[in-house]
Every structure is written in C-alpha cells, then in structure tokens.
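A.B. asks: I am attaching a structure below and will ask some questions about it afterwards.
The values are calculated or read from the model by the stated rules, or taken from the named source; none is laboratory data. Please read all numbers here as calculations on a predicted model, not as lab measurements. No Cβ is skipped: glycine too gets one built from the backbone with ideal geometry, and neighbour counts run over all protein chains shown. Surface accessibility is based on the protein's heavy atoms, side chains included, excluding ligands, DNA and RNA. Shrake-Rupley method; radii C 1.70, N 1.55, O 1.52, S 1.80 Å.
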Amino acid sequence: MAEEKEKVKSIDPATVEMIEKAAQDGARTVFERAVTTRPCPIGAEGSCCSICAMGPCRVPLPKGREETPEEKKKRTGVCGATAETISARNFLRMIAAGAASHGDHGREVAKIFLKVARGEIKEFEIKDEQKLLQLALDLGVEIGDRTNNEIAVNVGEILAGEFGRQEGELLFLKRAPLKRQEIWRQMGVSPRGIDREVSEAMHRTHMGGDQDYQTLLLSGARTALSDGWGGSMIATELQDVLFGTPSPVYSQINLGVLREDEVNIIIHGHEPYLAEMIAVVAQDPEMIKYAQSKGAKGINLAGMCCTANEILMRHGVPIAGNFLQQELAIVTGAVEAMVVDVQCIMQGLVEVARCYHTKVITTDRRVHIEGAEHMEFDEHHATESAKKVLKAAIDNYPNRGKNVRIPDHRTDLIAGFSHETINYLLGGVFRASYRPLNENIINGRIRGVAGVVGCSNVRVTHDDVTVKMVKELIKNDVLVLQTGCAAMACAKAGLMTLEAAAEFAGEGLASVCEAVGIPPVLHLGACIDNSRILMAATAMVKDGGLGDDISDLPAAGAAPEWMSEKAITIGQYFVSSGIYTVFGATWPTLGSKEVTDFLFKEMENLYGGKWDFEPDPIKAAHLMIEHIDKKRKALGIDKARERVLYDMAMRRELT
Ligand code: SF4
Ligand code: MSK
C-alpha cells in the first residue's frame, strides 16, 4: 500500500490539482480507491478460474523461483483444468467481451443507419456521399442513378447482416492485402460472423469446453479479427457516412475547457448519436436563451473518453479529459450534467457527484447506474432527447455551489485524421495516395509507423507511460497514429500541434511533418477507429515498395496504459493482422509460461505479428524501434536511412 501511495498519480497538472481538491472536498475518486483496493495478484496473472461453482480455482505460479515438475502437475483447478487452459480461457473471454462491446456498438450504428436510409428517422441524414459510394462499390451494391438513400439501404442491410452471418467470411476481410487473407484462411481464423465468433468463444470457454490453450488462442485470433475487420470497421464506416468523415480540425483539451460562467455539459462514453444531436442543439439560440434565463452566459459542451473523440473529430468539440479524469471533471464543481452512453463509465461518478450539484444522466437502454437519472435516447426523436438532456443540465445551473475551481490547463490540438484524410494530405486531392508516406519511409526520413492506442490505467502514473513512449518514438523518426485515451494523453502533452514536429520529432520526421503540415502524432479517433489504422496499414501495402503484407511494414503497435478488455481485443487483431504489439501496465497471462510464450513468440510464426509486454515506456519504444529496423532490413531499405543527411536540396525537394 505504501508503494501505491508514493506513486506519482499523474503527470497532468489539471489532474493533480483536482485529486487534491477531491481530497479536500471528501470526494472519493478512482485515485483514492486504487490505494485501498489493490489488484488481486492471482487474477492479474490470469491464474484464477471462476467459470463454474466448484471454484473459483486459483492456480498461481510460484513466485521468485522455477516451478518443479511435481508442482506443475498439481497446478490445476478442481476439474483438472491446467494453468494453461485457465489462462488461455481467461484471455479468450477478454477478447470476446471486447469484440462484443465494439460489435454491439457497430450493430447499433447499423440499425440507426438503416432507419435513416429508409426514412424512418428524419433528424439524421447521409453526410458523406463519397464514402457511401465507395462502400457501395466495395460491397457490390448497384449505384446507377439510384438515390443515396436507396444505395444506403442496401449498404446498411449488407453490413447489418455481418453480425448474424453464420458461414463464409466477413466481407471487409477482402480489404486486407491478399497475402494476409491467405494467412487467415490457412490458419482457419477468417471470421464467419461477428456474433458467431463471440458466441463460439463463450461456448469454447464454458466449463468442460475447449481445453487446449493453442486452439483457445486460435479462437481468440478469429474473434478479435471479427472486431477489427468487422464490428469496429462497420461502426467507423457507417458513422462516417452518417455523421461525416473527419478532416483536420483545431480544438483544445483538458479540464480547463470548462467555463466558469456557462452551463457545462460533459458527454462521455462511446456511441455518438445523442452526442451528435446535443452538439447541434447546444447551438440552438432558443436553448442558449434558456441558459441565459438561468443566469449562465451560454452552453459549453465538452467530451470525455471516446464519445469525446467522436465529436472532437467531426465538430471540434473540446475534450475535458480521458478515462481517469471523468470523476475529476465533477470535482471542479462546475459541471451541470455528466451525460453518459456506453462503456468506460465509472460507477464511482454517482458517488462523487453527491458531493457537488452534478447530475449524472444515463442515456442508453443498456447502461443504467443506481443513483443516476435515466433519460433514454430515442433515435426517432433525437432532437427532443437532446433538448431534454440539455434542459436538465441548464435547470441545474442555479444549483451550482461556491466550491468551484476549474484548473487553468488546456492545450491546443489538431485532430481529425481519418485514413482518407491522411491520403489527401500526403498525396493531394488529385492524386490521393499513401505513396509519399511510403517514399519517405523508403528514403529513411520516416523510420516507420506506430499505432499507440488504449486507455489510462490508475495502476501506472496517469498519461506518463503513453507520453514518454510516444515522445521516444517521434524523437526516433517514427510517425505515431493514435486513438482513444492514449491520444488524449499526448494531446494534453502538446504533441498534436504543428509546432510539436520541430520541438519533439527527429530531424527526418520533423522535415516531412513541416513540409506536409501535419503534427508528428496523428489523432485518428475513438477506439473503434483503430480500424482506420488497419486501413492505413493496408493502404501502405497497396501503394507499394514496402512488401506485400501488413507484417512486412516497418510498423508496430502499443497500448502502454491499457485497462479494458477491448484493448486486449484490439491488440489481438493488430497481432493477427501482422503487427508487433507491445502492452504496458500489466499482462494477463503471466501465470502460464506456455500461454505467454505462445503469444510472445509462436504467434509471429503464425501471423507475422506477435504480442510483447514491457511496462517501461522507453524500453517498450525501443522494442518497437528494433522491430521497425528489423523490417526495414528485410525490405532492404535500412541502408537508405543511414545515408539520409537532410541537406538543403533534400529539404527543397520536400516542399
Ligand atoms: Fe475450477 Fe474447473 Fe470450475 Fe474453473 S472450470 S472453476 S478450474 S473446477
Ligand atoms: S474510452 S476503452 S478507456 S481508450 Fe475508448 Fe479510453 Fe480505453 Fe475506454
């Protein structure tokens, strides 16, 4: 416990300030709960099985010494399940839960998309015609002289059908490089349907089901792929068509975006429909007048977690903070309503809100919290739903007490880098292409590309691990693509501005960023938008010069401060797509050497990508760089990098 108390809680000054205020106000937040509630070491290493009522069975690895063969033989659950089976089953269940979460998000988008296309929902409309037509082409939907809505009905029906598909292969798998598709077929891991893989994973991990860790982990690969190239990709694509494909947008991040004299509303969670509508309705002069009638100057909307990323990417709505800051936003005393939808919502919000005037409002039929007010979003009356929530927040403004302190910390950022935008930025509107990126990788100005994603986790110093890793990567000329709460950590640290290139990036990467006009760290969106990273990697392969599969690319992935099951699913679909992926914080299979070795070593022989675990961010960054250099060598482009001298001629050539 002493060690936990001594740990620096966050590198973010706004967070530190609010942790102190919470302590003064008697509000118990995640940072305090983490001191009193310690992680169970047996569960943390994946050595606890609780899937039947003869257990829970705990089979921990002996600490600090080698296990004897006798001990190993006895390290089983009551049913005889080995530590390997227990570990792999737990791992697969995490993947299934993550895939189910992203998949259910995707299904909800598909449902709303179809209702909009059929004219049953009038308040949303198809915003990105070009992307709709591209999807239609990809899916073999006739375009002709049909209306957008007619085309969208077919597109929506086909993609909605992917959730319940029973046989064959998910349609988006065809977007992957041909060699990758072949690897999946040979391995027998091409997902058939999104729900089917999740359902099979749950069946296999039931008591007395699959008891071979290798086949359990194969099922893990298949289930994870059904998320990356299925549920998440469908969610991203249909949201883009419905709400617009993001393009670069300026905004600000951190608790300092809250305003002392306005009604502050935070939208938190993952699914963007209500948030989209709130963003529109908050600008309605009538609502602003109503806020003024209660003594406020206006309405200030800010985001939290991935709902924040969604409305940042498309509307430039500022972000109040990432996962670990959700309760701290309430601690400012300035938040009238914390409006939540699904995923990553701490139940502790309600308890913290009791110390202030904040209303916690749940809005999704699948998420209820005792003590919160439930105002269910009705997609058929989206404006009305949004107005109801806004009105509740405005009505709460006069209840704001005197105990208000908004930390004076906010950072500028540029977000909105969909993989299509990167295409245009690099190649121009008329020859949109990843070719310039590939060329700069081949000539060595850019060493490689890294996807650094995932959450914030109270078991490590908040934001510190992610920011240190990303700084080390860009210093070594690795272009970083980000999503989720990891993106927010780096945005707060000022890595998502144009100036960041000169200040933090290596000379090669900085020269490209300055020439193109992009930050060295690109924000690609929410957790589901990790599918954009898959598409970016595929586009790099297809543009040529960097091998013929994702596993050939000088690229790596990481989730340095992960905490959710969804992060494991994302990591596994990165790995099964051929990407070397390093996680920090903790690793959930350390109780089984065999399972861990399979994930960290054998998977590379099967998929060309593998897992790794390194909690030290600098060491982890160098593992990624080493991998990138190994791939550069295999491609025969390692020498090019050694010759890069960046003379004036080269700089002129770039601009
Ligand atoms: Fe124990 Fe086996 Fe039941 Fe798991 S399935 S709780 S290992 S008896
Ligand atoms: S919200 S899953 S804490 S990234 Fe996507 Fe952030 Fe992790 Fe939730």
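A.B. asks: Can you tell me how much longer the chain between Arg118 and Tyr424 gets when fully stretched, taken as 0.36 nm per residue apart minus their C-alpha distance, in nm with one decimal?
C.D. replies: On the way: separation 306, 0.36 × 306 = 110.16 nm, distance 3.18 nm.
Contour length minus Cα-Cα distance gives 107.0 nm.
A.B. asks: Testing the spin-label approximation: label points 7 Å from Cα along Cα→Cβ at Lys639 and Val280. State their distance in nm.
C.D. replies: Roughly 5.9 nm, to one decimal.
A.B. asks: To continue, here is another question. Using only the heavy atoms of the protein chains and a 1.4 Å probe, how would Cys48, Cys305 rank by accessible area, largest first? Don't jump to the answer; show the numbers that get you there.
C.D. replies: Numbers: Cys48 40, Cys305 0 Å².
Largest to smallest exposure gives the sequence Cys48, Cys305.
A.B. asks: Pull up the cross-link candidates among the aspartates and glutamates for Lys21, meaning alpha carbon to alpha carbon under 13 Å and not fewer than 8 places away within one chain.
C.D. replies: Excluding near neighbours in sequence, the set is Glu32, Glu327.
A.B. asks: If you stretched the chain out fully between Met54 and Glu182, how much longer would it get, using 0.36 nm times the residue separation minus the C-alpha to C-alpha distance? Working shown, then result.
C.D. replies: Details: separation 128, 0.36 × 128 = 46.08 nm, distance 4.24 nm.
Between Met54 and Glu182, full extension yields 41.8 nm more.
A.B. asks: Using only alpha carbon pairs under 8 Å that are at least six residues apart, calculate the relative contact order of the stretch 250-314 and give it in whole percent.
C.D. replies: Result for the stretch 250-314 is 47 percent.
A.B. asks: Also, I was wondering about something else. Per the Kirkwood treatment, what hydrodynamic radius in Å, one decimal, follows for the stretch 344-413 from the mean inverse distance over all distinct Cα pairs? Provide the component values of the computation, followed by the final result.
C.D. replies: Working: mean 1/r = 0.0709 Å⁻¹.
After inverting the pairwise mean of 1/r, the radius is 14.1 Å.
A.B. asks: Just to check I understand the Karplus step: with θ = phi - 60° and J = 6.51 cos²θ - 1.76 cosθ + 1.60, what whole-Hz values come out for the stretch 329-336, glycine and proline as x?
C.D. replies: Ordered by residue, 3J(HN,Hα) equals 4, 5, 4, 4, x, 10, 9, 7 Hz.
A.B. asks: Given labels modelled 7 Å from the Cα in the Cβ direction, how far is it in nm from Asp412 to Lys111?
C.D. replies: It works out to 4.3 nm between the two label points.
A.B. asks: Please give the direction-averaged projected area of the C-alpha convex hull for the stretch 1-81, in square nanometres with one decimal. Mind showing how you got there, number by number?
C.D. replies: Numbers: hull surface 32.9 nm².
For the stretch 1-81, averaging the hull's shadow over all directions gives 8.2 nm².
A.B. asks: If you average over every viewing direction, what projected area does the convex hull of the Cα atoms of the stretch 430-635 give, in nm²? Don't jump to the answer; show the numbers that get you there.
C.D. replies: Values: hull surface 42.4 nm².
So the mean shadow area of the Cα hull is 10.6 nm².
A.B. asks: Explain nothing, just the number: relative contact order of the chain, from Cα pairs under 8 Å at least 6 residues apart, as a whole percent. Please report the intermediate quantities before stating the final value.
C.D. replies: On the way: 1425 pairs, mean separation 105.7, N = 655.
It comes to 16 percent, rounded to a whole number.
A.B. asks: When each pair of different Cα atoms in the stretch 255-399 is counted once in the 1/r mean, what is the Kirkwood radius in angstroms, to one decimal?
C.D. replies: On the way: mean 1/r = 0.0687 Å⁻¹.
Answer for the stretch 255-399: a Kirkwood hydrodynamic radius of 14.5 Å.
A.B. asks: Same structure, new question: Give the calculated FRET efficiency between Lys475 and Ser247 to the nearest 0.05, with a Förster radius of 35 Å applied to their Cβ-Cβ distance.
C.D. replies: Once the sixth-power term is evaluated, E becomes 0.80.
A.B. asks: Related question: Hey, what's the Cα Rg ratio for the stretch 83-243 versus the globular rule of thumb, 2.2 N^0.38 Å?
C.D. replies: Dividing the Cα radius of gyration by 2.2 N^0.38 Å gives 1.14.
A.B. asks: Taking 0.36 nm per intervening residue step and subtracting the Cα-Cα distance, what contour gain separates Ser199 from Asp378 on full extension? Numbers along the way, then the final one.
C.D. replies: Details: separation 179, 0.36 × 179 = 64.44 nm, distance 2.84 nm.
Using 0.36 nm per residue and subtracting the Cα-Cα distance, I get 61.6 nm.
A.B. asks: Let me ask something else about it. Per-residue ellipticity at 222 nm for the chain, helices alone: DSSP H runs ≥ 4 residues times -39500 (n - 2.57), over residue total, nearest 500 deg cm²/dmol? Walk me through the numbers on the way to the answer.
C.D. replies: Numbers: 31 runs with 323 residues, N = 655.
After summing the helix terms and dividing by the residues of the chain, the value is -14500 deg cm²/dmol.
A.B. asks: Say the cut-off is 22 Å between C-alpha atoms; which of Lys593/Lys630; Lys7/Lys601; Lys294/Lys388; Lys127/Lys492; Lys601/Lys630; Lys7/Lys402 go over it?
C.D. replies: Lys593/Lys630; Lys7/Lys601; Lys127/Lys492; Lys7/Lys402
A.B. asks: Compute the Rg to Rh ratio over the chain from the alpha carbon atoms, using the Kirkwood formula for Rh, and round to two decimal places. Don't jump to the answer; show the numbers that get you there.
C.D. replies: Numbers: Rg = 24.2 Å, Rh = 25.3 Å.
Taking Rg over the Kirkwood Rh, I get 0.96.
A.B. asks: Now for a separate question. For the stretch 424-479, report the accessible area per residue in Å² (1.4 Å probe, heavy atoms, rounded to an integer).
C.D. replies: Details: 1740 Å² over 56 residues.
Each residue of the stretch 424-479 exposes 31 Å² on average to a 1.4 Å probe.
A.B. asks: What part of the accessible area of the chain, given as a whole %, is carbon or sulfur when the probe is 1.4 angstrom?
C.D. replies: Looking at the chain in its full context, I get 52 percent from C and S.
A.B. asks: While we're here: Note down the accessible area of Leu133, probe 1.4 Å, to the nearest 10 Å².
C.D. replies: Result for Leu133: roughly 50 Å² accessible.
A.B. asks: Placing one identical point scatterer on every Cα of the stretch 531-600 and ignoring solvent, what is log10 I(q)/I(0) from the Debye formula at q = 0.13, 0.16, 0.27, 0.28 Å⁻¹?
C.D. replies: Once normalised to I(0) and log-transformed, intensities are -0.42, -0.61, -1.23, -1.28.
A.B. asks: R0 = 22 Å: FRET efficiency of Ile618 with Ala502, Cβ-based, nearest 0.05?
C.D. replies: In this case the efficiency is close to 0.50.
A.B. asks: So, in nm, how far is label Thr586 from label Arg38 when the simple model puts each one 7 Å beyond its Cα toward the Cβ?
C.D. replies: 1.2 nm
A.B. asks: If r is the Cβ-Cβ distance from Ala23 to Thr147 and R0 is 60 Å, what FRET efficiency results, to the nearest 0.05? Let's see the in-between values first.
C.D. replies: Values: r = 59 Å, r/R0 = 0.98.
Efficiency at R0 = 60 Å is approximately 0.55.
A.B. asks: Please enumerate, by chain and number, the aspartates and glutamates with C-alpha under 17 Å from the C-alpha of Lys619, excluding those fewer than 8 residues away in the same chain.
C.D. replies: Asp463, Asp464, Glu472, Asp477, Glu561, Asp629
A.B. asks: Next question, about the same structure. If ligands, DNA and RNA are left out, what is the accessible area of Cys355 with a 1.4 Å probe, given in Å² to the nearest 10?
C.D. replies: Accessible area of Cys355: about 60 Å².
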